[in-house]
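Have a look at the structure below before the remarks.
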Amino acid sequence: MADLPIPIYTSLDDIYDGYTALAQAERWNALLDHYHAVFGQKPTHVARAPGRVNLIGEHIDYALFGVLPSAISRDILIALGPSAAPGGQVVAENQDERYEKQAFAASRVGEGEWALEIDRSELRWESYVKAGYYGVLTHHLRAAQPKSINMLVTGSVPAGSGLSSSAAMVVASTLSFLVMNDVLHGVTKGELVGLAMENEKRVGVNSGGMDQAASVICTPSSALYITFHPALSSSPVSIPGTHPSAVLVITNSLVVSDKALSAKVNYNLRVVETLVAARVLARALGVRVGDREKVTLREVVGRWAGEEQGADMGPERLQRALEQLLGEADRILGAGHGRDGLSHAEMVAASGLEEAAFHELYLSWVEVEATRFRLWARAKHVLSESLRVLQFRRVCLAHSSSPAQSTSTGTSTSTEPQPHGEGLLKELGRLMNESQESCSGLFDCSCAELDALTRLAREAGAYGSRLTGAGWGGCAVSLVAEPDVPAFIEKIHTSFGPYQKLSKKQLEEVVFATKPSSGAGVYVVG
Ligand code: NG1
């Protein structure tokens, strides 16, 4: 799937399902009219990138373990057209009045080199647009002169909510500059994911590739099992639709998680903790790791289990290896006062590196702040969460009517008995609940509101409920039987304190059922 070209659309029916397309037409027409009113001409294209909900597999993509997100119909749209201004001028307007109009251009600083300032000190909407632009300039316009462009942005993915508005924004902006500079042709979905990942890092977060891959590669009606090791690979996984069929309901905790601003104590710190945990574990297990290698937990599991270099040992073997390694992680990282976390000096000593080499490898590229580094808890979460993803996938595959067309990871051949009917939804729900517990207790990426919301969701009848995305605020996702959705939503409206002050319209924005949707593409305005 990663080898496919970026879809070019001429009809909304090809982007959304029939029912959603009808509801979306009004929004799209308003965007096109608004563009005309602002820039005095019709746009030529609209770049679209969806947000995503992650069903299970949190904070494991940057350890290179597989995840299971699905794209949602909420998306970022950028209406685009050429402008007569000279020298690659970009004028970017946002339909949301909170975001001011921006104009910028990049300057050439050498052969094939471009400079474009991106402010990383505060969260600015145009940084995501600029990040997309810079990536296209440096990869596709090294020699060519960029075109001048007018763009108008609109979005229905709530920001800072764990539904990947930032990745959707970067994917849509990257696509915009590719198409307007006539260099989209020949770019595959996999290449767009790589470019968008690199672009998003420029905004300050050392993210894994889940969001960009989900936003670009997902297809309607299934979730996507995405693996990153040894290379990006993906295969569709249908959520069981047998009796009763299940629906995903998103509930926003109303706590905005400013991931880029809190990165040094939250997201980026977790990236460092999980990387260092991988090295410490490898060292104790006698797994070979280069002195300057930022080895990941997925690579350590592979080497420890004898996986051939450059190969993927497949889900069954990986599952067995993870089960064993969890015990080893407890023994090695949980020894002494390991469960309470290590001081900086203790962590350096455990890594086996000299202070300077440690600093160079793990701290020179990222700013983090902590007094205790919780290597045991972080590794335990990552390993157990990766195991849950494999279990979740296996339950889905065993019951999907159409076998997954895996590109490289193989389908389940497990002979273990699998649950049936409602039993399997309960099993999926159980895995989601365990994931929430692990995110909250071991990875410290939940918050009081998300803990309450997921508990209330279970009390309201969800099979399972968990935070989705980076956490520290944002949304929860719950698995609910389709006939129960209205009653479930009603119960959540009345039981979650922060919803009490919201109007009916606001409630519709923060609590909604969702279906898997199609990935990013470019619409040609007729
Ligand atoms: P969100 O929730 O979109 O910020 C982030 C990372 C993902 C992944 C999740 C946690 C970015 C762009 N995305 O997602 O890669 O690590 O957290 O599972 O940073």
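The values are calculated or read from the model by the stated rules, or taken from the named source; none is laboratory data. Please read these numbers as outputs of a predicted model, since none were measured by experiment. Note that we place each Cβ from the backbone using ideal geometry, even for glycine, and neighbour counts take in every protein chain shown. Just the protein is used for accessible areas: all its heavy atoms, side chains included, with ligands, DNA and RNA removed. Shrake-Rupley method; radii C 1.70, N 1.55, O 1.52, S 1.80 Å.
Computed values, structure above
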read-out	value
Share of Cα-Cα pairs in the chain lying beyond 29 Å, as whole percent	52
Per residue accessible area in Å² of the chain, where ligands, DNA and RNA are left out and the probe is 1.4 Å	40
³J(HN,Hα), Karplus 6.51/-1.76/1.60, whole Hz, each residue of region 346-360, x for Gly, Pro	5, 5, 4, 4, 5, 6, x, 9, 5, 3, 5, 5, 4, 4, 4
Alpha-carbon Rg/Rh ratio, for region 350-396, with Rh computed the Kirkwood way	1.18
Overall Cα dimensions of region 200-312 - principal axes, largest extent first, Å	49, 37, 25
The chain - mean residue ellipticity at 222 nm from DSSP helices (-39,500 (n - 2.57) per run, n ≥ 4, rounded to 500)	-13000 deg cm²/dmol
Largest-first ellipsoid semi-axes for region 1-77, taking √(5λ) over the Cα gyration tensor eigenvalues, angstrom	31, 14, 13
Within straight-line cross-link reach of K501, aspartates and glutamates at Cα separation under 14 Å, skipping those fewer than 8 residues along the same chain	E509
Built amide H within the under 5 Å cut-off of A513, gap 5+	I250
Protection proxy ranking of 86-95, 159-168, 390-399 - average other beta-carbon atoms within 10 Å, highest first	159-168, 390-399, 86-95
Nearest-0.05 FRET efficiency for E422 and E328, computed from C-beta distance (R0 35 Å)	0.45
Region 330-383: GluC sites (Glu not before Pro) in DSSP coil with no more than 14 other Cβ atoms inside 10 Å	E354, E367, E369
Cα shape, region 286-343, gyration tensor, a/c 1.5 rule	oblate
Sequence-distant residues sharing a close amide H with Y225 (under 5 Å, placed H)	S235, V237
Amide H contacts under 5 Å for G51, placed H, 5+ residues apart	I72, R74, D75, I76
Packing-based order for 137-147, 426-436, 270-280, using average beta carbon neighbours within 10 Å, highest first	270-280, 426-436, 137-147
Set of aspartates and glutamates near K101 by C-alpha distance (under 14 Å), chain-local residues within fewer than 8 positions excluded	E93, E126
Residue-wise HN-Hα coupling along region 46-63, computed from phi with Karplus coefficients 6.51, -1.76, 1.60 (Hz; x: Gly, Pro)	10, 8, 10, 9, x, x, 9, 10, 9, 6, 6, x, 9, 6, 10, 5, 7, 9
Given charges at Cβ of Lys, Arg, Asp, Glu: region 303-360 dipole, positive-most of S343, L326, Q309	L326
Computed label-point distance, nm, for sites A23 and V525 using a 7 Å Cα→Cβ extension	2.5
In nm, spacing of pseudo-spin labels at R339 and R455 (7 Å Cα→C-beta vector)	2.2
Distance in nm between pseudo-label sites at S83 and A231 (7 Å out along the Cβ direction from Cα)	3.9
Rg to Rh, two decimals, where region 1-151 supplies the alpha carbon set and Rh follows Kirkwood	0.99
Cα gyration tensor shape of region 43-114, rounded if a/c is under 1.5, else prolate or oblate by comparing a/b with b/c	oblate
Charge dipole of the chain about the Cα centre (unit charges at C-beta), most positive-ward option of I250, L431, G186	L431
Size of electric dipole in region 28-137: Cβ of Lys, Arg +1 and of Asp, Glu -1, about Cα centre, debye, nearest 20	260
